[in-house]
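Asks: If you scroll down you'll find the structure; I have some questions about it.
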Amino acid sequence: MNLLYLFIALGATTLGSMAGLGGGVIIKPILDFLGDYNLSTISVLSSFTVFSMAIVSIIKQIRYKFKIEVRKTVLIGIGSIFGGLIGEKLVKFILTLMQPITVTIIQNFVLATLLILVYIYMNNKDKFKSYHIENSLACIAIGLLLGAIASFLSIGGGPINVCVLTIFFSMNTKEAAVNSIITILFSQASKLVTVATSSGFSGFDLSMLPFMVVGGILGGIIGSRLNKLYSSETILKVFNVVLIALIILNFYNILSVFI
């Protein structure tokens, strides 16, 4: 069991760090599929793992002297902090109205739908107009939306971040992947601080957390190295394969409830 969760975290964060997927978007549906933990615990496990990956990945990218849009990404990150708070409160509110399994179904359906839209856009970018947003308030507003979506879906928000950074800031896939990780760092930090200062972590079964954090750290190291080695075209191919697999898994998780 311990090794299983370590390898889930390692695989998810390696792909997440390499392609800007974050890892949470992979971890969440896989843990839903395994069914060992409830919705809240999965969210905390995913956040800690992705946060660990993001710290390591960003440090590595700085050492590689990769070009990072510091001003824009920090502004998006600030927005995502507040968005993360909104998303977390929204989940708690909905859980008071619905059964956890219903919320899980909603999350999987919304995520699958968003991933389909991201896939369509990322493979038809030339047919859509992209922008070069410089306005600080607009950057914060975009971060607010990304943080809220990521927190509500209990993911890092990586694929959505990459898509949005490509549309509104005209980044290529490789640039968007790295800047996405910085945004994820902000949103996950916000989420963990919120949990720590409200309910605390004592009510969660975090027995697998050390193994997942180790996987997240190793994934951040390996993934950032792969991002440096491979071209934007190769990273987009990896991005596509993971997206298709995730879309299938999310729909399977929805159908499994009714079968």
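The values are calculated or read from the model by the stated rules, or taken from the named source; none is laboratory data. Please read all numbers here as calculations on a predicted model, not as lab measurements. Cβ: placed from backbone, ideal geometry, glycine included. Neighbour counts: every protein chain shown. Please note that ligands, DNA and RNA were not included when accessible areas were found on the heavy atoms of the full protein model with its side chains. Shrake-Rupley method; radii C 1.70, N 1.55, O 1.52, S 1.80 Å.
Asks: Can you tell me the equivalent ellipsoid semi-axes for the stretch 195-245? Use √(5λ) from the Cα gyration tensor, largest first, whole Å.
Replies: Three semi-axes, in Å: 32, 14, 10.
Asks: Relative to the longest principal axis of the C-alpha atoms of the chain, give the angle of the C-alpha long axis of helix 2-19, reported between 0 and 90° and rounded to the nearest 10°.
Replies: Taking the Cα atoms of the chain, the angle to 2-19 is about 20 degrees.
Asks: In terms of modelled amide H atoms, which long-range or inter-chain residues lie less than 5 Å from the amide H of Ser130?
Replies: Counting only residues 5 or more places away or on other chains, the set is empty.
Asks: Gain in length, Ser198 to His132, computed as 0.36 nm per residue apart minus the alpha-carbon separation, to one decimal in nm?
Replies: 19.9 nm
Asks: Can you give the relative contact order of the stretch 146-209 as a percent, counting alpha carbon pairs under 8 Å and 6+ residues apart?
Replies: Answer for the stretch 146-209 is 28 percent.
Asks: Sticking with this structure for a sec: Multiply the residue separation of Asn124 and Leu95 by 0.36 nm, subtract the distance between their alpha-carbon atoms, and state the gained length in nm to one decimal.
Replies: 6.7 nm
Asks: Roll a 1.4 angstrom probe over the protein heavy atoms and tell me the percent of accessible area of the chain that is carbon or sulfur.
Replies: The C+S portion of the solvent-accessible surface of the chain is 71 percent.
Asks: Let's see if you can work this out: charge +1 on each Lys and Arg Cβ, -1 on each Asp and Glu Cβ, no other charges. What is the dipole magnitude of the stretch 1-257 about its Cα centre, in debye to the nearest 20?
Replies: Taking the Cα centre of the stretch 1-257 as origin, the dipole is about 660 debye.
Asks: Once phi is turned into θ = phi - 60°, what whole-Hz ³J(HN,Hα) does the Karplus curve with 6.51, -1.76 and 1.60 give for every residue of the stretch 162-174, x standing for Gly and Pro?
Replies: With coefficients 6.51, -1.76 and 1.60, one gets 4, 4, 5, 5, 5, 5, 8, 10, 6, 7, 7, 4, 5 Hz.
Asks: Right, something else. Could you tell me whether the stretch 170-259 comes out rounded, prolate or oblate from its Cα gyration tensor? Rule is a ≥ b ≥ c as square roots of the eigenvalues, rounded for a/c under 1.5, then prolate if a/b exceeds b/c, otherwise oblate.
Replies: Oblate.
Asks: Now, a different point. Only one of the values (i) 26, 20, 19; (ii) 53, 27, 13; (iii) 26, 24, 15 was calculated from this structure for semi-axes √(5λ) of the Cα gyration tensor in Å; name its label.
Replies: The listed entry that was calculated here is (i).
Asks: Taking only protein heavy atoms and a 1.4 Å probe, what accessible area per residue, in Å², does the chain have with all protein chains in place?
Replies: 44
Asks: Run the numbers on the chain and let me know its relative contact order in percent, using alpha-carbon pairs under 8 Å that are six or more apart.
Replies: With pairs under 8 Å counted, the relative contact order is 42 percent.
Asks: Right, another one. If you find the alpha carbon centre of the stretch 43-83 and of the stretch 194-259, how far apart are they in angstrom?
Replies: Comparing the Cα centres of the stretch 43-83 and the stretch 194-259, I get a distance of 15 Å.
Asks: Show that you can apply the helix-only estimate: for the chain, add -39,500 (n - 2.57) for every DSSP H stretch of four or more residues, divide by all residues, and state [θ] at 222 nm to the nearest 500.
Replies: After summing the helix terms and dividing by the residues of the chain, the value is -27500 deg cm²/dmol.
Asks: For the stretch 197-203, just list the computed ³J(HN,Hα) in residue order, Karplus coefficients 6.51, -1.76 and 1.60, θ = phi - 60°, integers in Hz, with x standing in for Gly and Pro.
Replies: So the J values, rounded to whole Hz, are 8, 10, 8, x, 9, 5, x.
Asks: Net charge around Val44, counting only other residues with Cβ within less than 10 Å of its Cβ (Lys, Arg = +1; Asp, Glu = -1)?
Replies: Surrounding charge for Val44 is 0.
Asks: Each residue of the stretch 22-27 in order: what ³J(HN,Hα) in whole Hz does its phi give by Karplus 6.51 cos²θ - 1.76 cosθ + 1.60, θ = phi - 60°, with x for Gly and Pro?
Replies: 3J(HN,Hα) across the stretch 22-27, in whole Hz: x, x, x, 5, 8, 4.
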